[in-house]
1. From the residues in segment 305-321 that are crowded, with 17+ Cβ neighbours inside 10 Å and touching a helix residue (DSSP H, G or I) at 6+ places or on another chain (Cβ under 8 Å), which one is farthest from Leu132 (Cα to Cα)?
2. Which ranges mark the strands (runs of 3 or more DSSP E) fully within segment 84-175 that have 2 or more residues being of a type in the set (Val, Ile, Thr), in the same structural domain as Gly240 (by TED's automatic domain parsing) and crowded, with 24+ Cβ neighbours inside 10 Å?
3. Taking only segment 181-196 into account, find how many residues are under 14 Å from Val154 (Cβ atoms), outside any helix (DSSP H, G or I) and touching a helix residue (DSSP H, G or I) at 6+ places or on another chain (Cβ under 7 Å).
4. Please work out which one of (1) surrounded by fewer than 17 Cβ atoms within 10 Å (Cβ to Cβ); (2) under 26 Å from the mean Cα position of the chain (by Cα); (3) of a type in the set (A, V, I, L, M) is the condition Met253 fails and give its number.
5. Could you say whether any residue in segment 307-326 is acidic (Asp, Glu) and under 30 Å from Tyr24 (Cα atoms)?
6. Which of the residues that make up segment 110-142 are more than 25 Å from Gly73 (Cα to Cα), aliphatic (A, V, I, L, M), touching a residue at least 40 places away in the same chain (Cβ under 8 Å) and touching a Ser or Thr at 6+ places or on another chain (Cβ under 9 Å)?
Amino acid sequence: MNSPEPKADCFAATNLVAFCQQLYLASGMREDIAATSARILVEADLLGHSTHGMALLPGYLKALIDKTMLAAGEPVVENQRTVAQVWHGQRLSGLWLTQRAIETASLMAKAHGTGTITIKHAHHIACLAAYLEAPARDGLMVIVQSSDPCTASVAPHGGITPIMTPNPIAIGIPTVGDPIMIDISSSITANGPSIRMMKEGKRAPGIWFVDSEGHGSNDPTVAFTEPKGALLPLGGLDAGHKGFGLGLMIEAMTGGLSGFGRADPPQGWGASVFVQVLDPEAFGGRAALERQTAHLRDISHASKPRPDVGRVRLPGERGLARKAAQLADGVELHPSIMPALAPVAASLNVALPLAI
């Protein structure tokens, strides 16, 4: 039986960013890294990705204490050409590294049409959707992919033993008005939502997991308790070859192109990252791109919805609407987040933000 939904806590977004930044600074993180990392975390909660925003902060702060995430430093450029670079992330904040890579790749794209940066040895990069809005509103197409070569929770199609992570890919696409923001994993679901579901005694709405005997299941516990099964690739038991193929592509473009992946000894929770930025002006032009994407948006909205769907929407639409509402009325944090942060904040002598 599912537990009742607990009541969410509501906070001003600016106060949450300041709170996260103070926790980072109190843990020794350099000021510019702390500011960017705090903003990206809260952006995830603004967009509604509550398992990949502030919920991750206790783990990040522990990593700073354990020095598995470094508090200061710079990425090392190990290889570079006009429109491509490989960075060694030095186990710095993956949020800061990814944002910096997007900014650097954007400069390449504005000068040469495209820019690509791969990063190895980054710490975890949180919610990929949180990086998309700004460059897309600036007229640039941005692609972010991530894998964690040091852990595995997703089975290959037809298999049981997990061999890769949920391997997300996100794409920000300019159009007239709000950008299209795609953020999907190559598995049916990700680890964060599955673990939260398990803790809350809930089951998935479909067959999202495979147990240790190879049977499909809607129970997340089969993926995280012994004997372990796994998360299923996108497409599930029937069409999982599609998600498996997508996951393999992301492995190649992150771990493969950066030079650190599953063939190497694991070095702890982190990420191999692929960032690419495209300037439409180097192709058919921004106006042409936006004419096409606006038409796709319009015909999607005009598509007759299923009986249980009020209106067809594009990826990112609901998240951006939620962000606008939460900026105005306050951010509704999942009720598990602030209780998890309270003892950490107390230990660092950082005051909790006041709910509104």
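The values are calculated or read from the model by the stated rules, or taken from the named source; none is laboratory data. Since the structure is predicted, the reported quantities are computational estimates derived from the model, not experimental observations. Here the Cβ positions follow ideal geometry from the backbone for every residue, glycine too, while neighbour counts run over all protein chains shown.
1. My answer is Leu314.
2. Ranges flagged: 114-122, 141-147.
3. So the answer is 3.
4. Answer for Met253: the failing condition is (1).
5. no
6. Ala136, Leu140, Val142
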